[in-house]
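Below is one structure, written out as C-alpha cells, with a few remarks after it.
None of the figures in this text is laboratory data; all of them are computed from the coordinates on show. Given the structure is predicted, the values throughout are model-derived calculations rather than measurements. Cβ coordinates were reconstructed from backbone atoms using ideal geometry, including for glycine residues, and neighbour counts include every protein chain displayed.
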Amino acid sequence: MKSFKDYIFEAMGRKRIIMIGGPGSGKSTYSELITKEMNIAHIYTGDMMRALSKQDTPDGRKVKELLSKGEFAPTPIVINAVKERLKKPDAQKGYIFDGFPRSVEQAEMMEKANIEYDHVINLQVSEEEVIRRLTARGRADDKPEIIKQRLREHEKQVGPVIKH
C-alpha cells in the first residue's frame, strides 16, 4: 500500500488541488508539505481575507466588519481574491487550495469563474482525534464542547461541497 506522500507525489500529474477537511484534520500541515514538495502555490483564503481586511478599500472595510463579527467574507470577494492570486507566477506551476471552497456557493462560483482543479483531497479524522489534537494546542476556544460544535458546523457547510 502506498503512503499518503507517495500517492500525492507520484499519482498526481496535474497540480491543481483542493484540500478539505474539518478543524484539526491537518489541512494546512498537508498543504504546506505538498506546496514544498511539488513547488506549487499554497492558497489559503483565510489568510487572504485577513490581509484584505487590513486594506482601506471598500472590500477591505466590508471584510474587516464581517470578520470582526465572526462571519465569513462574501463569496464574490473571495472568488475575486482567488482569481487575482492565481495570476501570480508561482501559481502557474500549480496550486493547492487550503480549505477552499467551503460552501456550495463558493464551489459553484469557482466553477463559473473557470477556477480549475484536478484533485480533491478530503481529510477525515475521528472526532476523538480532533478533540485530542485541538485541546493539546491550549487555545481558549479549543474546548471539547466548542470543538464538537465546530465539527457539526463544518459538516453542515462542507458536506454538501463534497457531494457537489
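General remarks:
- Most fluctuating residue given options ALA73, ALA107, ALA51, as computed from a GNM of the chain linking Cα atoms under 10 Å: ALA51
- Rel. contact order, % - alpha carbon contacts under 8 angstrom, at least six apart, the chain: 34 percent
- Structure remark: mean-square fluctuation, Gaussian network model of the chain, C-alpha springs under 10 Å; the largest value among MET48, MET110, MET19 belongs to MET48.
- Legend: calculated FRET efficiency, GLU111 to ASN39, from the Cβ-Cβ distance at R0 = 30 Å, rounded to 0.05, equals 0.70.
- Each of the GluC sites (Glu not before Pro) that DSSP puts in a loop and that has at most 13 other Cβ atoms within 10 Å breaks the chain; the longest unbroken stretch is 1-70.
- Residues considered: ARG16, ARG102, ARG85. Largest GNM mean-square fluctuation over the chain, using C-alpha springs under 10 Å, is found at ARG85.
- Residues GLU153 and LYS83, FRET efficiency given R0 of 25 Å [Cβ-Cβ distance, rounded to 0.05]: 0.40
- Viscosity 1.567 mPa s, temperature 4 °C, Stokes-Einstein D of region 59-114 from Kirkwood C-alpha radius, µm²/s: 105 µm²/s
- R0 of 25 Å, Cβ-Cβ distance VAL104-GLN55: FRET efficiency to nearest 0.05: 0.35
- Viscosity 1.306 mPa s, 10 °C: Kirkwood-radius Stokes-Einstein D of the chain over Cα pairs, µm²/s: 94 µm²/s
- Label-to-label distance, nm, for residues given as HIS119 and HIS164 (7 Å Cα→Cβ offset): 2.2 nm
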